[in-house]
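Peer 1: Pasting a structure below so you can have a look.
Just so it is clear, none of the values below were taken in a lab; they were calculated from the coordinates. Just so it is clear, the model here is predicted, and its values are computed rather than measured. Don't worry about glycine lacking a Cβ; one is built from the backbone with ideal geometry, like all the others, and counts go over all protein chains shown.
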Amino acid sequence: MPLRPLSPVEARVLGTLMEKARTVPDSYPLTLNSLVSGCNQKTSREPLMNVTDAQAQEALDSLKLLSLVFESSGSRVARWEHNFQRAVGVPEQSAVLLGLLMLRGPQTAGELRINSERWYRFADISSVEAFLEELQDRADEKGGPLVVKLARAPGMREQRWAHLLCGPVDAGDTTAAAAPAPSPYLEARIESLEQEVARLRATVEDLCVQLGLSQPGHTE
């Protein structure tokens, strides 16, 4: 049975949980505060968003009804995990590609291979393309296609891929491919700093829980 189309905020929340499970496992599952910070980070995100606590919680509640996320037990503060692979019925490699597409927007197979390094190491671009084509050719009885190959943008050698989890997209839309690529070094540096902040935030949240203090930045 196919999933209903996700909203942009639901896709961002789900993609962020999928990313942090792989890149900062020590801070995972995520609290609402950590999740919101991940949704709104300035690197590895296209488009940039400003998700509020209320929007993130609403998205979590909706995703829970779809069995795409669940709340962890055994913690004094609510923590959330994704259940993407099992709920959608795709292998890890396909889940990685879909998570990256949800977070970063349309990308070429080459870009996906580079951007997936910290999630999963694909042997080569051909293996990335094989999983993308499998997602594109997914049978209707399994829920139908989950990605689409976009038309080649002017000046681009390769075509980009987009996910279909938020519903159909225009396969001829090349606007997402026109943006200049950021400096890989600068993006990696900023992302590393953001991950360190996320780890520190998780530590502070845990200490607040243990001491019975209100969490920084938490609003009732």
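Peer 1: Relative to the present Cα-Cα distance, how much length would full extension add between ASP26 and ASP53 at 0.36 nm per residue of separation? Spell out each step's value before the answer.
Peer 2: Details: separation 27, 0.36 × 27 = 9.72 nm, distance 2.22 nm.
The span from ASP26 to ASP53 would gain 7.5 nm if fully extended.
Peer 1: Would you please give the residues with an amide H less than 5 Å from that of VAL69, counting only those at least 5 places away or on a separate chain, with H modeled from the backbone geometry?
Peer 2: Amide H neighbours of VAL69, under 5 Å, 5+ apart: LYS64, ASN83.
Peer 1: Ranked highest first by the average count of other Cβ atoms within 10 Å around their residues, in what order do 147-157, 95-105 fall?
Peer 2: On the way: 147-157: 15.2, 95-105: 23.3.
For the peptides 147-157, 95-105, the packing ranking is 95-105, 147-157.
Peer 1: With +1 on each Lys and Arg Cβ and -1 on each Asp and Glu Cβ, how big is the dipole of the chain about its Cα centre, in debye rounded to the nearest 20?
Peer 2: Numbers: 23 positive and 29 negative charges, 42 e Å.
For the chain, the charge dipole is close to 200 debye.
Peer 1: If packing is taken as the average number of other Cβ atoms within 10 Å across a peptide's residues, how do 10-19, 106-115 rank, most packed first?
Peer 2: Details: 10-19: 25.3, 106-115: 20.3.
My ranking of the peptides, most packed first, is 10-19, 106-115.
Peer 1: Where does each of GLU71, GLU129 land when they are ranked from fewest to most other beta-carbon atoms within 10 angstrom? Let's see the in-between values first.
Peer 2: Values: GLU71 13, GLU129 18.
The order, fewest Cβ neighbours first, is GLU71, GLU129.
Peer 1: Once every DSSP H run of n ≥ 4 in the chain is given -39500 (n - 2.57) and the sum is divided by its residues, what mean residue ellipticity at 222 nm do you get, rounded to the nearest 500 deg cm²/dmol?
Peer 2: Working: 8 runs with 102 residues, N = 220.
It lands at -14500 deg cm²/dmol.
Peer 1: I've got another one for you. Roughly what would the spin-label model give for ASN40 and SER127, points 7 Å off Cα along C-beta, in nm?
Peer 2: Label-label distance for ASN40 and SER127, simple model: 3.8 nm.
Peer 1: To the nearest whole percent, what portion of all C-alpha pairs in the chain is separated by more than 26 angstrom? Provide the component values of the computation, followed by the final result.
Peer 2: Working: 8592 of 24090 pairs.
Above the 26 Å cut-off, the chain has 36 percent of its Cα pairs.
Peer 1: Helix 92-104 versus the longest principal axis of the chain: what angle, 0 to 90°, nearest 10, using Cα atoms?
Peer 2: 80 degrees
Peer 1: Rounded, prolate or oblate: which fits segment 74-144, taking a ≥ b ≥ c as square roots of the Cα gyration tensor eigenvalues, rounded meaning a/c under 1.5, else prolate when a/b beats b/c? The partial results should precede the final answer.
Peer 2: On the way: a/c = 2.35, a/b = 1.37, b/c = 1.72.
Cα axes put segment 74-144 in the oblate bin.
Peer 1: Another question, then. So, R0 is 45 Å and r is the distance between the beta-carbons of GLU141 and VAL204; what FRET efficiency does that work out to, to 0.05?
Peer 2: Values: r = 47 Å, r/R0 = 1.05.
Approximately 0.40, to the nearest 0.05.
Peer 1: Determine the shape class of segment 90-181: with a ≥ b ≥ c the square roots of the Cα gyration tensor eigenvalues, call it rounded for a/c under 1.5, and otherwise prolate if a/b is greater than b/c, oblate otherwise.
Peer 2: Numbers: a/c = 1.71, a/b = 1.13, b/c = 1.52.
Oblate, because a/c is 1.5 or more while a/b does not exceed b/c.
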